[in-house]
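A short write-up of the structure that comes next.
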Amino acid sequence: METVAPIQISEAEREVMRVVWANVSVTSREIIEILEDKMNWKESTIKTLIGRLVDKEVLNTKKEGRKFIYSANISEETAIQGYSKDILSNVCNTHHGSVISQFIEEAKLSSEDIDNLMELLEKKSLTAPEVVPCECVPGQCECHLLNK
């Protein structure tokens, strides 16, 4: 079910995937009904997005009579891991803490979520370096300017 390489999907494609993840298997008609209402998109737009996701092998398709049934070829958890890696890969290592802090600040978290984060941070603190090294190419962030 999981793909090895991270898959790049757009925000619009992600909306289609959210419908599929929520329903396990779903027809194009069901996807269209949900997204026409939620996103105010046209049927042709939604069909195009479905087609792109099939082409990217993120969606499986199976024909049953005259209907096509879609199911995810990647779990929502794997997609979330890919999004977070993508976000962090576009920010200097020295700013990862700020990005994560911003997520925590803006997220709606349950008490259990907060407990899990606290536990994870406690474990992480056991092996954390004093300073996170910058690995950017010179000229790509301000770290190299500060160290001149």
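The values are calculated or read from the model by the stated rules, or taken from the named source; none is laboratory data. On a predicted model such as this, the values are computed, not experimentally measured, just so you know. A quick note on method: Cβ atoms are made from the backbone with ideal geometry, for glycine too, and the neighbour counts reach across all protein chains shown. These area figures cover heavy atoms from the full protein model, side chains too; ligands, DNA and RNA do not enter into them. Shrake-Rupley method; radii C 1.70, N 1.55, O 1.52, S 1.80 Å.
What's the FRET efficiency of S101 with E11 using the Cβ-Cβ distance as r and R₀ = 22 Å, to the nearest 0.05? Mind showing how you got there, number by number?
Values: r = 23 Å, r/R0 = 1.05.
FRET efficiency, S101 to E11: 0.45.
Each label was represented as a point 7 Å from its Cα along the Cα-to-Cβ direction; for M118 and K67 these points are 4.7 nm apart.
For the chain, the number of Lys pairs separated by eight or more positions or lying on different chains, with C-alpha atoms closer than 30 Å, is 24. Solvent exposure of the chain amounts to 75 Å² per residue of accessible area, where only protein heavy atoms count and the probe is 1.4 Å.
Would you please classify the overall shape of region 59-148 from the alpha carbon gyration tensor, given that a ≥ b ≥ c denote the square roots of the eigenvalues, rounded means a/c under 1.5, and beyond that prolate means a/b larger than b/c while oblate covers the rest? It is oblate, given that a/c is not under 1.5 and a/b is not larger than b/c.
Leaving out ligands, DNA and RNA, and with a 1.4 Å probe, what % of the accessible surface on the chain is carbon or sulfur? Walk me through the numbers on the way to the answer.
On the way: 5870 of 11080 Å².
Answer for the chain is 53 percent, counting heavy atoms of protein chains only.
May I ask you to list the trypsin sites (Lys or Arg not before Pro) in region 16-98 that are in a DSSP loop and have at most 16 other Cβ atoms within 10 Å of their Cβ?
Numbers: sites: R18, R29, K38, K42, K47, R52, K56, K62, K63, R66, K67, K85; in loops: K42, K56, R66.
Loop-located and lightly packed - K42, K56, R66.
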